[in-house]
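The values are calculated or read from the model by the stated rules, or taken from the named source; none is laboratory data. On a predicted model such as this, the values are computed, not experimentally measured, just so you know. Because the Cβ atoms are built from the backbone with ideal geometry, glycine has one as well, and the counts that use them run over all protein chains shown. SASA here: full protein model, heavy atoms, side chains in, ligands and nucleic acids out. Shrake-Rupley method; radii C 1.70, N 1.55, O 1.52, S 1.80 Å.
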Amino acid sequence: MKDILYRITPIDLAAHLFAVEIHIEQADPRGQIISLPAWIPGSYMIRDFARQIQNLSVKQEKKDLYFEQLDSHSWQIQPCDKPIVVSYQVYAWDLSVRTAHLDETHGFYNGTSVFLQIHGQEDKPCLVDIVPPKKPKDWRVYTSLPEAKNIKGAALRHGFGLYIAPNYDALIDHPVEMGTPTMISFKACGATHEMVFTGNIPNIDLERIARDTQKICEYQIQFFEPETHAAPFLDSSDRYVFMTMVTGKDYGGLEHRASTALVASRADMPVLGDETMSEGYRQFLGLISHEYFHTWNVKRIKPKVFAPYDLYDPCHTSLLWIFEGFTSYYDDLSLLRSGVINQESYLELISKTITAVHNTPGRFKQSVTQSSFDAWTKYYKQDENAINSIISYYSKGSLIALGLDLLIQKESAGRHSLDDVMRELWTSYGRDFYRHKSQTGLEEFEVVELIKRATGVDSKEFIDLYVKGTQDVPLAELLPVQGWQLHEETSSKPELNIKTRVLDGQCQIAQVKAQGAAHLGGLSAGDIFIALDRIKVDSQNLNTLLSRYRVNDKVKVHVFRRDEMRKFQVKLQAGDSKYTVKPID
């Protein structure tokens, strides 16, 4: 069985074009089908990556072969009995963690955006020849994809040349960064970790980032493997790579089996000589912790419907509250347990999440199981009414994890916790996931049984009320288990109960909370403020104007709705409550 050879070359940096060739030794004699995934695991929305393909052609020796497009992302090549070469270009101008980006400073791609799938040959090994651009000459390659050792043309560490993946699923799960980024490396539990930063970042304190990240990684490895301290990604690579694109204001991440792609704000990077824990840097460490925890939870411990992925249609599961919500719980908890932050800082993070969830009206309209299932059409396609109609399986999922953790500790008299559930998931579904062909995942109905098997605690009522139902997790009752208490601070500040944005220098309503002052007064998302009680509203002064009033005062509001001026009388309400978790005195 001969390998499939992929060759990728940055051919035009200014036009943002990668050229890709695929050498197929034995095509399907009935007519080889090729396709590009429609979505990328970890980001649950159909993205139609194939729309960026151009100049597709197929040759057998020097002869052009005919091919027919089957749908928006698939083609079928005419029957042939000799090796063929598929060639095309990919437009790469999306500066995100999901797709591909190329300019004169760097190149980045996820395999789902650039490498066509060869149907019927997905289990064949894939060689990848990463070719440098003609200019500049000093670019290097950073990826967790293993070098094709002992093969002519094999890449050296961080060099261009041949890399290898055991199959197509692995090929598209090792993103690549190329260019001249800043890099630092460390070992955690004996395993190599590389941190790669692309972008202009003056005076970045790399040593501090590596030191803090090492603590997080070592804690999480030891959490899942308390006896062996074995890093999970060693089944796929000899290293783990954090790839961070640093920009002016972005934030996000996407997990892979031995790496993660991150985007972060320059202002969040720690500065040399300043050891303070800024809110931005804490947020960046939380992002690192979140994506690294995914190395276990979702990359190896998966819902059954993800084993394997259907990369061409929505892959619905009601369990993202576990795979994203539990990860959101443990990302902050890992910062505390690893010693990167203290308890006061950790309680601030919990308080912030509780406040956000409890001030979201949509939490009473949608359960986290529904939120998970509808991620494709609701969570990833949010509109101006999202705050009133949906709940995040990330944020409420993390509160469910906290509540379950406290419930298990309470019911088991401190003998068990949610940690036991995560380790049970790991040993039952994750540890050997990539080591065996018979891959399996967690069934939708297994959660209650698994929790009881791991801890002896019956969680059915909790799951019914707070996971399948829409009630608030009873944290006020459960937090004392940990020696903490929940405080609610009601606001006396007069509000319109809206979110605004600046549009062309004007103040526009972005969201209107259901049953809030603006809603009851007739205002709508999209309205542009003109005046409040005949005083001009601009992009900066709305809160200042409102501060002169009291709750229940009535104000006259003039807005433009489309090109029509409207006038409303609005009765001001109190702002959002603030929730704080503190140690019991």
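Computed from the alpha carbon atoms alone, the convex hull of the stretch 107-237 holds 137 Å³ per residue. Loop-resident GluC sites (Glu not before Pro) (DSSP state other than H, G, I, E or B) in the stretch 262-298 with no more than 13 further Cβ atoms inside 10 Å of their Cβ: Glu275.
Dipole check for the stretch 167-231: with +1 at the C-beta of Lys and Arg, -1 at the C-beta of Asp and Glu, and the Cα centre as origin, the magnitude is about 240 Debye.
Qualifying chymotrypsin sites (Phe, Trp or Tyr not before Pro) in the stretch 383-458, where qualification requires a DSSP coil assignment and no more than 14 other C-beta atoms within 10 Å, comprise Phe445. A protection proxy built from the mean count of other Cβ atoms within 10 Å ranks the segments 81-89, 508-516, most packed first, as 508-516, 81-89. Please name which of Tyr44, Leu418, Leu465 has its Cα lying farthest along the dipole of the chain towards the positive end, using unit charges on Cβ (Lys, Arg +1; Asp, Glu -1) and the Cα centre as origin. Projecting each Cα onto the dipole axis, the largest value belongs to Tyr44. So for the stretch 470-568, taking the charge dipole from beta-carbon charges (+1 Lys/Arg, -1 Asp/Glu), which of Ile535, Gly483, His519 sits furthest toward the positive end? Farthest towards the positive end: Ile535.
Coupling constants for the stretch 502-513 follow from the phi torsions by the Karplus curve (6.51 cos²θ - 1.76 cosθ + 1.60, θ = phi - 60°), and in residue order they are 8, 10, 6, x, 10, 8, 10, 6, 9, 9, 10, 6 Hz; glycine and proline get x. Distances longer than 13 Å among the Cα atoms of the stretch 305-358: what percent of all pairs is that? The calculated P(r) of the stretch 305-358 puts 69 percent of pairs beyond 13 Å. In whole Å, how far is the Cα centre of the stretch 291-311 from that of the stretch 380-438? Measuring centre to centre over Cα atoms gives 13 Å. Rounded to the nearest 20, the size of the Cβ-charge dipole of the stretch 70-186 about its Cα centre is 500 debye, with Lys and Arg at +1 and Asp and Glu at -1.
Given their separation in residues at 0.36 nm each and the Cα-Cα distance between them, Tyr380 and Lys304 gain 25.2 nm when the chain is fully extended. List the pair-distance distribution P(r) of the stretch 2-57, using every Cα-Cα distance, as the percent of pairs falling in each 5 Å bin from 0 up to the bin containing the longest distance, rounded to whole percents. Spelled out bin by bin, the stretch 2-57 gives 4, 13, 18, 21, 21, 16, 6, 1 percent. If one takes the longest principal axis of the Cα atoms in the chain, at what angle in degrees, from 0 to 90 and to the nearest 10, does the Cα axis of helix 206-224 lie? In the chain, helix 206-224 runs at an angle near 90 degrees to the longest axis. Only helices enter this figure: runs of n ≥ 4 DSSP H residues, each worth -39500 (n - 2.57), summed and divided by the residues of the chain, yield -6000 deg cm²/dmol at 222 nm to the nearest 500. Pick out, from Ile8, Pro125, Asn150, the residue whose Cα sits farthest towards the positive end of the charge dipole of the chain, with +1 on the Cβ of Lys and Arg and -1 on the Cβ of Asp and Glu. Checking the options against the dipole of the chain, the answer is Ile8.
Spacing of the modelled spin labels on Asp250 and Lys556, each 7 Å from Cα toward Cβ, amounts to 4.7 nm.
Between helix 343-358 and the chain there is an angle of about 80 degrees, using the helix long axis and the longest principal axis of the Cα atoms.
One chain, two ends: Lys2 and Glu446. Fully extended at 0.36 nm per residue, the span grows by 155.8 nm beyond their Cα-Cα distance.
Here the convex hull built on the C-alpha positions of the stretch 212-292 has a volume of 101 cubic angstrom per residue. If R0 is taken as 25 Å, the Cβ-Cβ distance between Thr180 and Ala154 corresponds to a FRET efficiency of 0.65. One chain, two ends: Val85 and Gln69. Fully extended at 0.36 nm per residue, the span grows by 4.1 nm beyond their Cα-Cα distance. Applying both filters, DSSP loop and at most 12 other Cβ atoms within 10 Å, to the chymotrypsin sites (Phe, Trp or Tyr not before Pro) of the stretch 1-82 gives Tyr66. With the gyration tensor restricted to C-alpha atoms of the stretch 463-551, the semi-axes of the equivalent ellipsoid amount to 36, 17, 12 Å, longest first. Taken about its Cα centre, the chain carries a charge dipole of about 1060 debye when Lys and Arg each add +1 at the Cβ and Asp and Glu each add -1 at the Cβ. So how far, in whole Å, is the C-alpha centre of the stretch 199-248 from the one of the stretch 526-585? Here the two parts' Cα centres lie 44 Å apart.
For the chain, the solvent-accessible area works out to 44 Å² per residue, with a probe of 1.4 Å and every protein chain left in place. Here is the P(r) of the stretch 269-420: all C-alpha pair distances, binned every 5 Å from 0, give 2, 9, 15, 19, 19, 16, 11, 6, 3, 1 in whole percents. Be a star and scan the stretch 375-402 for residues whose amide nitrogen sits under 20 Å from the point 7 Å along the Cα-to-Cβ vector of Gln515. Under 20 Å, as judged by backbone N against the label point of Gln515, lie 385-392, 396 of the stretch 375-402. For the chain, find the longest principal axis of its Cα atoms and tell me its angle to the long axis of helix 279-293, 0 to 90°, nearest 10. Approximately 50 degrees, to the nearest 10.
Roughly how many whole Å is it from the C-alpha centroid of the stretch 357-379 to that of the stretch 58-89? Cα centroid of the stretch 357-379 versus Cα centroid of the stretch 58-89: 44 Å apart.
How much of the DSSP beta bridge set in the chain is antiparallel, as a percent to the nearest 5? Close to 80 percent. Taking the 1.4 Å solvent-accessible surface of the chain as the whole, the part contributed by carbon and sulfur is 48%. From largest to smallest, the equivalent ellipsoid semi-axes obtained for the stretch 378-461 from the alpha-carbon gyration tensor read 27, 21, 10 Å.
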